[in-house]
1. Within the stretch 142-156, does at least one residue satisfy the condition of being at pLDDT below 90, surrounded by fewer than 20 Cβ atoms within 10 Å (Cβ to Cβ) and basic (K, R)?
2. Out of all the residues in the stretch 196-220, which are modelled with pLDDT under 90, over 26 Å from G50 (Cα atoms) and surrounded by fewer than 19 Cβ atoms within 10 Å (Cβ to Cβ)?
3. State the number of residues belonging to the stretch 2-26 that are at positive phi and more than 12 Å from the chain's Cα centre (by Cα).
4. Inside the stretch 58-73, can you point out the residues that are of a type in the set (A, V, I, L, M, F, W, C) and farther than 13 Å from N86 by Cβ?
5. Looking at the stretch 109-124, which of the residues that are assigned to a strand (DSSP E or B) and aliphatic (A, V, I, L, M) is surrounded by the most Cβ atoms within 10 Å (Cβ to Cβ)?
6. Kindly provide the set of residues from the stretch 42-74 that are crowded, with 19+ Cβ neighbours inside 10 Å and either modelled with pLDDT under 90 or part of a helix (DSSP H, G or I) (or both), ordered by number.
7. Name, by its number, the condition in (1) part of a helix (DSSP H, G or I); (2) among the hydroxyl-bearing types (S, T, Y); (3) within 15 Å of L180 (Cα to Cα) that does not hold for T143.
8. In the stretch 20-41, what residues are within 24 Å of L174 (Cβ to Cβ) and either in contact with a Cys (Cβ under 8 Å, 6 or more places away or on another chain) or surrounded by fewer than 24 Cβ atoms within 10 Å (Cβ to Cβ) (or both)?
Amino acid sequence: MGQVIAIANPKGGVGKTTTTINLGAGLGNLKQKVLLVDLDIKANLTIGLGIERENIKKGIFDILLKEAEIKDTILNFKRFDLIPNNCFQKQALSDSHYCMEELKKHLDLLKDEYDYILIDTGPVMGVLLDMALYASDSVLIPTECQYFSYDGIKIMINKINAIQNEKTKIKENLIVEGILLTKFDNRNLFSYEMAENIKEIVANKVFKTVINYSSHLQEASSMGKDVLSFSYNSIGSREYRLLAKELLERKENN
């Protein structure tokens, strides 16, 4: 059965969308079947894969508003599939639409078809994040090696604990898959100091793989591609392939 992982951090600009795209590509490169789900209200994942808004026929909001079946929204790419975000075509979710179980109900139906389902979330604490976490088995928290990263990690862990209380009622767990250090500047001593401080908070949860700052990652998104497709031998591609391998090894060892 497949694993659902939310890529989440309430702090913006830490590499959530970049990680969703390129970890997905790295897992696909290892012959895993992967589905990406764009649950960020800004639809950066969808746009970052070169999809023009007006060309989206069905998306995640059709599912949440019960206007489409989930299989009718899936788009196919070389290394993964995608459920795009079409929030700009739809009304915002109101309290009357909100049901934390709604996304989980649909994704559970796909667990037998995919090895990994990665949910990209926005930097907002609200309805969509609650849905993403409730639908997930674990959470991957990308974070920069900066002073304010502490707050993002602590807030995220508190939110995970709150959603775990809800998942306990259905006898399921939500765990921290790992903390991913992103946009690391290996020329800056402060980055190393912050990395060590973060490891002290959640020692056994920090991935060994570190994502260094790379222009190839930015260029790939601007071209609507994952970095493996854009520049397979680049540092960014190599690091996300290593992250995918580390994630698989963790799963095999558990």
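1. yes
2. Of everything in the stretch 196-220, those that are modelled with pLDDT under 90, over 26 Å from G50 (Cα atoms) and surrounded by fewer than 19 Cβ atoms within 10 Å (Cβ to Cβ) turn out to be E196, N197, K199, E200, I201, V202, A203, N204, K205.
3. The total comes to 1.
4. Step one: of the stretch 58-73, the residues of a type in the set (A, V, I, L, M, F, W, C) are 60-61, 63-65, 68, 70.
Listed by number, the list holds a single entry, I70.
5. By that ranking, first place goes to I119.
6. N44, L45, T46, G48, I56, I60, F61, D62, I63, L64, I70
7. Condition (1) is where T143 drops out.
8. Q32, K33, L35, I41
The values are calculated or read from the model by the stated rules, or taken from the named source; none is laboratory data. No experiment lies behind these values; they were computed from the predicted model shown. Using ideal geometry, Cβ is built from the backbone for each residue, glycine included, and neighbour counts are taken over all protein chains shown.
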